[in-house]
Number of protein chains: 2
Amino acid sequence: MSIANLGSFNEILKSNKSFTIASHVDPDGDSIGSVLSLTLALKKMGKCAEPVIIDKIPEKYKFLPGNKLISNQFSSRSDVLISLDSSDINRLGLNEDIRDYGNIIVNIDHHKNNALFGDLNIVDSSASSAGEIVYQLIKDKIKIDNDIAINIYTSIITDTGSARYSNTTPLCLRILADLVDIGVKPDYVSRQVFEKRTLSSIKLLKLALDTLELLENNKIAAMYITQEMLEVSKAMEEETEGIINYAREIDGVEVAVLFREKEKSVTKVGLRSNEWVDVSKIAEKFNGGGHLRAAGCIVELPINQARAVVLNAVSAALADNGGILCKE
Amino acid sequence: MSIANLGSFNEILKSNKSFTIASHVDPDGDSIGSVLSLTLALKKMGKCAEPVIIDKIPEKYKFLPGNKLISNQFSSRSDVLISLDSSDINRLGLNEDIRDYGNIIVNIDHHKNNALFGDLNIVDSSASSAGEIVYQLIKDKIKIDNDIAINIYTSIITDTGSARYSNTTPLCLRILADLVDIGVKPDYVSRQVFEKRTLSSIKLLKLALDTLELLENNKIAAMYITQEMLEVSKAMEEETEGIINYAREIDGVEVAVLFREKEKSVTKVGLRSNEWVDVSKIAEKFNGGGHLRAAGCIVELPINQARAVVLNAVSAALADNGGILCKE
């Protein structure tokens, strides 16, 4: 339960006053939860703290305390810019030089392929989530209140799939317990994060299930979602989340792939694996990235061509006994 | 973290040699996990222990260590019969007098409506699961090994929906952490319990989603599954599990109902609520029962008539500001 570079982090906290807390575009529960928990904690320490995410905050995360504080652009230069949950600096969605917005760059993350772009890097790939690292950074400095606790709780359950994924550690379970002690209601948070369905999302699910195909002796399951399917179901882009799991969870499947038509010639690809394929290696072939069991990439091809090319690479990964196969 | 009647339980353990460990028909992860963890623990203490569940063990729970030990009938009289996770004695599926099978009856359960039928009753409705109570009963008596740990882990995550339901307490989260420390792999267990889908279950899901109807200003969501739908999808009865959540999770829904045609004039009804309706009270009107947020009953009517009668009662419960409405 020790954090590398904690001393340097404390030093930076002590000697600076204004902080910009940023995270990646296409925000999820961990990016938003870690940004808000650290923002609220810094404010409690008497600092100026501005949370920035250059993207739309999904509707379902608007229950998070402090979410209205989030700006969708960087305003002015701070003493310190803290990047959370972002493996490289481009993920922040900035067109300008990050140096324009902070004298010191602190990079807090849990992705194993983190580019270590900070002046100070607090990167722990064994952490379940960025929120878990934030918890350890702040727990001895302030009394964690319910608002901060809900944000950290959301970070951890989002990135561990509510204690279901392989990154569920004794430490993160004990942190969840501490947060429930503080007052977090697990059923309330879980309902917001996992259990909000719209009728449109159910219609989209039915359409996506119709595209399910099984390949390579049922080891690969693939599905796709076109723009037309989004229109017919009246579903939002964010409602595609989770659909890939229907493919991943089929008995015998090792790799699941979901193709989403973003534009006529741009296809977003989500990849998941169950036990032994390192899907981050597949995603990297298409300039994407991620984790061992969950990764993604963007392919600049129409959806049908993207399907052919990516499924080919997945088949090759399954056949390859070399670098790509990776037992944990 | 104290267990009522622990002293009496220890006394019974000390002075007896043969134990039958039983749980309810229609077994789930908690009944099987608690039965097996207690069986394995008693064996470790040098006792004779026979696990009994008078029903088929669902395929997906066959990964549980010790599952092959389970008998589907009571064989001989033991010194002690321990009932787990069963609110009343009929749930054990016995036609004979329970006294035929044990000199002493110990009743270990976490259902709030438990009938206290034991000579010794260890009933704690604040416990997440029967497995959680077993953990507390055995943890100071033996070294919990991986086989026992997996069973208890399965109990807890089954009954808390992997830390999503309102019965997720700091205590059960800390027990999960301890079990991961012992060696349980959360992703492995979760995959067995929650993430095994068959193609047939996906086909059934699509058919069931087609029956979705929203009533009372979208506060009630109802679905049904007929025998014909099971045949068309080639799905097994147990593959209907979880489908009710698609109804419960729709934005604005308070009560979800799933009707399953068991026979031409027998309909099984599952009831779930989100925030304030006590569905156990609705189930009790039809001689069923359960918890505040999850309950069920069997109605001896064809499915269409059962739907009319039960949905009427649900509407009445929603309208009633009296005993049935119950903020936690």
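The values are calculated or read from the model by the stated rules, or taken from the named source; none is laboratory data. Note that the coordinates shown come from a computational prediction; the quantities given were computed from them, not determined experimentally. Glycine gets a Cβ as well: all are built from the backbone with ideal geometry, and neighbour counts include every protein chain shown. All accessible areas refer to the heavy atoms of the entire protein, side chains included, with ligands and DNA or RNA removed. Shrake-Rupley method; radii C 1.70, N 1.55, O 1.52, S 1.80 Å.
Computed values, structure above
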item: Any hit, the stretch B:205-212, residues being modelled with pLDDT under 95 and of a type in the set (Lys, Arg); result: yes
item: Residue satisfying all of: in the stretch A:22-42; under 10 Å from the mean Cα position of the chain (by Cα) and of a type in the set (Val, Ile, Thr); surrounded by the most Cβ atoms within 10 Å (Cβ to Cβ) among these; result: A:Ile32
item: Selection count, the stretch B:194-217, where residues are at the interface with chain A (Cβ under 9 Å from one of its Cβ atoms) and in contact with a Ser or Thr (Cβ under 7 Å, 6 or more places away or on another chain); result: 2
item: Flag if B:Glu275 is within 13 Å of another protein chain (Cβ to nearest Cβ), closer than 26 Å to A:Thr198 by Cα and touching a strand residue (DSSP E or B) at 6+ places or on another chain (Cβ under 6 Å); result: no
item: Residues of the stretch B:1-22 that turn out to be of a type in the set (A, V, I, L, M, F, W, C) and in a strand (DSSP E or B), as a count; result: 3
item: Qualifying residue in the stretch B:235-243 (condition: within 12 Å of another protein chain (Cβ to nearest Cβ), over 28 Å from B:Asp147 (Cα atoms) and surrounded by fewer than 16 Cβ atoms within 10 Å (Cβ to Cβ)); result: no
item: Those residues of the stretch A:228-272 which are among the hydroxyl-bearing types (Ser, Thr, Tyr) and closer than 26 Å to A:Arg197 by Cβ, in sequence order; result: A:Ser233, A:Thr240, A:Tyr246, A:Thr267
item: Per-region count, the stretch A:113-172, residues more than 14 Å from chain B (Cβ to nearest Cβ), open to solvent by 30 Å² or more (accessible area, probe 1.4 Å) and not aromatic (Phe, Trp, Tyr); result: 15
item: Verdict on A:Asp109 being at negative phi, acidic (Asp, Glu) and surrounded by fewer than 16 Cβ atoms within 10 Å (Cβ to Cβ); result: no
item: So B:Leu205, is it outside the structural domain of B:Asp147 (by TED's automatic domain parsing) and either within 30 Å of B:Ile148 (Cα to Cα) or surrounded by 16 or more Cβ atoms within 10 Å (Cβ to Cβ) (or both); result: yes
item: Hits in the stretch B:262-320 - residues which are charged (D, E, K, R) and in contact with a Phe, Trp or Tyr (Cβ under 8 Å, 6 or more places away or on another chain); result: B:Lys268, B:Arg293, B:Arg307
item: Leading residue by the ranking (most open to solvent (accessible area, probe 1.4 Å)) among those in the stretch A:181-190 that are at the interface with chain B (Cβ under 7 Å from one of its Cβ atoms) and closer than 18 Å to A:Gly161 by Cβ; result: A:Asp187
item: Positions within the stretch A:275-298 being over 17 Å from A:Asp320 (Cβ atoms) and open to solvent by less than 50 Å² (accessible area, probe 1.4 Å), in sequence order; result: A:Gly288, A:Gly289, A:Gly290, A:Arg293, A:Ala294, A:Gly296, A:Cys297
item: Number of the exception - A:Ile57 against (1) touching a residue at least 60 places away in the same chain (Cβ under 8 Å); (2) out of contact with any His (no Cβ under 9 Å at 6 or more places or on another chain); result: (1)
item: Test: B:Asp88 is touching a Phe, Trp or Tyr at 6+ places or on another chain (Cβ under 8 Å), under 23 Å from B:Lys262 (Cβ atoms) and open to solvent by 20 Å² or more (accessible area, probe 1.4 Å); result: yes
item: Residues of the stretch B:247-269 satisfying the condition of being open to solvent by less than 20 Å² (accessible area, probe 1.4 Å), more than 14 Å from chain A (Cβ to nearest Cβ) and not aliphatic (A, V, I, L, M); result: B:Phe259, B:Thr267
